[in-house]
């Protein structure tokens with residue numbers, strides 16, 4: 001690792017970025033200046049292009065972390081007369097429920113275990129029994145575990161039932177191909193510091209224009225009014241209503257250029273898949289077990305079980321890996337003792353191979369040493 005970056009972030013975001021993404025933040029920008037607004041407008045267009053979307057869709061950028069954009073979406077799209085079906089099988093599905101509760105939105109919860117994927121049959125049964133439901137929302141990649149939820153089959157059921165379908169693709173958009181228009185996704189939300197490989201500071205919503213046009217006056221918040229933000233960005237050619245994160249925006253524009261250079265979402269997906277394969281095979285060789293079965297696992301982040309060994313402590317393991325140049329993530333599963341390792345960001349298979357060597361070197365608690373053949 002260089003002195004500039006003493007360790008690699010193997011986390012679900014913020015994540016390790018390229019030197020070129022970081023370098024473009026050295027210039028200051030004026031939010032009112034046309035040069036800056038042109039960058040914003042190009043980002044909005046590029047997001048549609050990388051997702052292969054037509055003019056049926058638009059993009060809206062929103063200040064803050066990804067959760068700000070999720071709350072802006074829920075609070076600006078679901079009115080007091082509507083009812084929301086929330087599919088939750090992890091911490092981020094639960095966060096949507098918290099948002100709905102705080103905003104006093106009428107909701108129905110499909111609550112599943114953190115290692116259980118929702119099925120189309122479950123959603124269909126709920127929609128058939130509850131005609132008041134108008135909107136359906138789910139998380140695509142649940143980074144609690146790394147679960148990749150089946151948005152394709154759920155979208156089909158939701159659209160057949162005539163519901164507005166919303167997807168939290170915070171940790172998947174840009175890193176996993178998603179047929180947004182083909183699936184009829186009405187709103188998709190993500191963040192600058194995930195698979196596009198930018199830095200934290202704003203999120204964005206890809207929205208079906210005809211659906212967004214119906215959202216005027218719904219928002220419960222002034223700052224998080226998605227409709228008003230869209231209107232200003234459209235009418236004033238890239239202007240944000242309030243002070244925007246200029247350096248983050250410029251970094252994101254550079255990150256989008258680098259996504260194009262890599263070959264687009266499909267090619268980045270292939271790199272993430274290879275990262276994940278190297279990671280899982282290497283960790284299993286060392287002796288770690290994955291929390292999820294392979295068929296439910298995304299290539300974004302992987303939850304591993306902490307070893308049940310008296311000498312093992314995650315905090316020490318974490319520090320030893322950090323000292324060797326790698327930062328991993330604590331667990332977030334409510335009923336299992338896990339930690340997580342991300343595969344996304346400016347990270348490549350050779351980095352993951354180096355991580356596995358570091359894991360073997362840091363495996364102080366198991367004897368014989370990890371990697372040695374047990375008799």
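Below, the figures for the structure above:
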| quantity | calculated |
| --- | --- |
| Ratio Rg/Rh [Cα only; Rh per Kirkwood] for region 75-131 | 0.98 |
| Folded to 0 to 90 degrees: helix 226-235 orientation relative to the chain principal axis, Cα | 70 degrees |
| Bridge type composition, region 20-261 - antiparallel percent by DSSP, nearest 5 | 45 percent |
| Enclosed volume per residue, in Å³, of the convex hull spanned by Cα atoms of region 107-176 | 87 Å³ |
| Value of [θ]222 nm, deg cm²/dmol, for the chain, DSSP H segments ≥ 4, -39500 (n - 2.57) each, nearest 500 | -12000 deg cm²/dmol |
| Two-site label geometry, residue 102 and residue 284: point separation in nm, points 7 Å out along Cα→Cβ | 4.0 nm |
| Peptides 34-45, 351-362 ordered by average Cβ neighbours within 10 Å, highest first | 351-362, 34-45 |
| Residue among 197, 289, 122 with the largest mean-square fluctuation in a Gaussian network model of the chain, springs linking Cα atoms under 10 Å | 122 |
| Viscosity 1.002 mPa s, 20 °C: Kirkwood-radius Stokes-Einstein D of region 209-278 over Cα pairs, µm²/s | 142 µm²/s |
| Principal-axis tilt of helix 246-262 within the chain, Cα atoms, nearest 10 degrees | 70 degrees |
| Theoretical gain in end-to-end length, residue 159 to residue 42 [0.36 nm per residue, Cα-Cα removed] | 39.0 nm |
| Degrees between helix 151-160 axis and first principal axis of the chain (Cα, 0 to 90, nearest 10) | 20 degrees |
| Stretch gain in nm, segment residue 113-residue 311, where the contour uses 0.36 nm per residue and the Cα spacing is subtracted | 68.3 nm |
| From the coordinates shown, P(r) over Cα pairs in 20 Å bins from 0, in percent corresponds to which of (1) 29, 55, 15, 0; (2) 29, 59, 12, 0; (3) 27, 53, 20, 0 | (1) |
| Sequence of 29, 230, 240 once ranked by neighbouring C-beta atoms within 10 Å, starting from the fewest | 29, 240, 230 |
| Per residue Cα convex hull volume in Å³ - calculated over region 150-246 | 117 Å³ |
| Cα-based convex hull volume of region 26-155 per residue, rounded to whole Å³ | 159 Å³ |
| Alpha-carbon gyration tensor eigenvalues x 5, square-rooted, for region 189-241, Å | 21, 13, 12 |
| Inter-site label distance for residue 54 and residue 234 at 7 Å from Cα along Cβ, in nm | 1.8 nm |
| Förster-model FRET efficiency, 51 Å R0, residue 179 and residue 23, C-beta, rounded to 0.05 | 0.90 |
| Fewest-first sequence of 132, 262 by Cβ atoms within 10 Å of each Cβ | 132, 262 |
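No value in this document is a laboratory result; all are computed from the given coordinates. Everything numeric here is computed off the predicted structure, so don't read it as measured data. Glycine gets a Cβ as well: all are built from the backbone with ideal geometry, and neighbour counts include every protein chain shown.
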